[in-house]
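What follows is a set of notes on a single structure, which appears directly below.
Every number here is computed from the coordinates shown, using simple stated rules; none is lab data. All figures in this text were calculated on a predicted structure; none of them were measured in a lab. Cβ placement follows ideal geometry from the backbone for every residue including glycine, while neighbour counts extend to all protein chains displayed.
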Amino acid sequence: MRKASNQVRSGDLVPIPATILAHYRKIVLCVDVMKVNKLPFLVTISRAIKFGTVAWLKNAKADTILQQIKTVRNTYIKRGFLMEIVEMDEQCEPFRGDLAEMGITLNKCSREEHVPVAERRIRTLKERCRCITNTLPFPKLPGMLIVQIVSTCNFWLNIYPPKDGVSRNINPRELITGF
């Protein structure tokens, strides 16, 4: 006779330790636009928590970028974090008013400078994408495969707790998404 397997638990969010929420509640988000094979992606990473997001942009217009920033902000709000400062390149100056309405301060880099935390994340993502691409036997990759490769690399970067993160035991994905 066959025995029924245990049921998978669902719906349980990982609780955020009170010390982390108390010390790191206010988020400083570093943002930049990355291009992979001419496909634009919005890359964000929070300074302390080190949770990174990647969103494929159908176009690199200001409205599209602002909508993705709002989506990232809502992700943090769901877990009790407050986005206080957004650090961006000078191309994002048109967002200042919209961000101010949301209670977010825009910290713009000087001309010919970049946001170092976001640039480091972009270099890491591109390196990981190249590693995957070099294992594939195809001379050309379709655009949607590139989007999935970038998303997968970002997923795995969020899975392990970073050495300079807020916790040795809880990874950034668990802190922000709860899973």
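Projecting label points 7 angstrom from Cα along Cα→Cβ for Arg47 and Asn134 puts them 3.4 nm apart.
Long hydrophobic helices in the chain: the complete DSSP H runs spanning 18 Å or more by Cα along their own axis with mean Kyte-Doolittle hydropathy of at least 1.0 are 143-159. Over the chain, DSSP H runs of length four or greater, each weighted -39,500 (n - 2.57), average out per residue to a 222 nm ellipticity of -12500 deg cm²/dmol. Gaussian network model of the chain, Cα springs within a sub-10 Å range: biggest mean-square fluctuation belongs to which of Lys35, Lys163, Lys26? In the Gaussian network model the winner is Lys163. Anisotropy class assigned to segment 79-179 is oblate, per the alpha carbon gyration tensor with a/c at or over the 1.5 cut-off and a/b no larger than b/c.
Extending 7 Å from Cα along the Cβ direction at Trp156 and again at Thr75 yields two label points whose distance is 1.8 nm. The residues packed around Leu175, meaning those with a beta-carbon under 10 Å from its beta-carbon, carry a net charge of +2 if Lys and Arg are +1 and Asp and Glu are -1. Looking at the square roots a ≥ b ≥ c of the eigenvalues of the Cα gyration tensor of segment 10-90, which shape do they give, rounded for a/c under 1.5, prolate if a/b is larger than b/c, or oblate? Taking the square roots of the gyration eigenvalues as a ≥ b ≥ c, segment 10-90 is prolate. Determine the sum of side-chain charges near Leu57: Lys and Arg each +1, Asp and Glu each -1, restricted to other residues whose C-beta is under 15 angstrom from that of Leu57. Taking every other residue near Leu57 into account, the sum is +2. The modelled label-to-label distance between Thr177 and Asn6, using points 7 Å beyond Cα along the C-beta direction, is 2.3 nm.
Beyond 19 Å in Cα-Cα separation lie the following of the pairs Lys35/Lys163; Lys38/Lys58; Lys61/Lys140; Lys26/Lys50: Lys35/Lys163; Lys61/Lys140.
Given their separation in residues at 0.36 nm each and the Cα-Cα distance between them, Glu90 and Asp63 gain 8.1 nm when the chain is fully extended. Does segment 75-128 classify as rounded, prolate or oblate by the C-alpha gyration tensor (a ≥ b ≥ c root eigenvalues; a/c under 1.5 gives rounded; else a/b over b/c gives prolate, otherwise oblate)? Verdict is oblate for segment 75-128.
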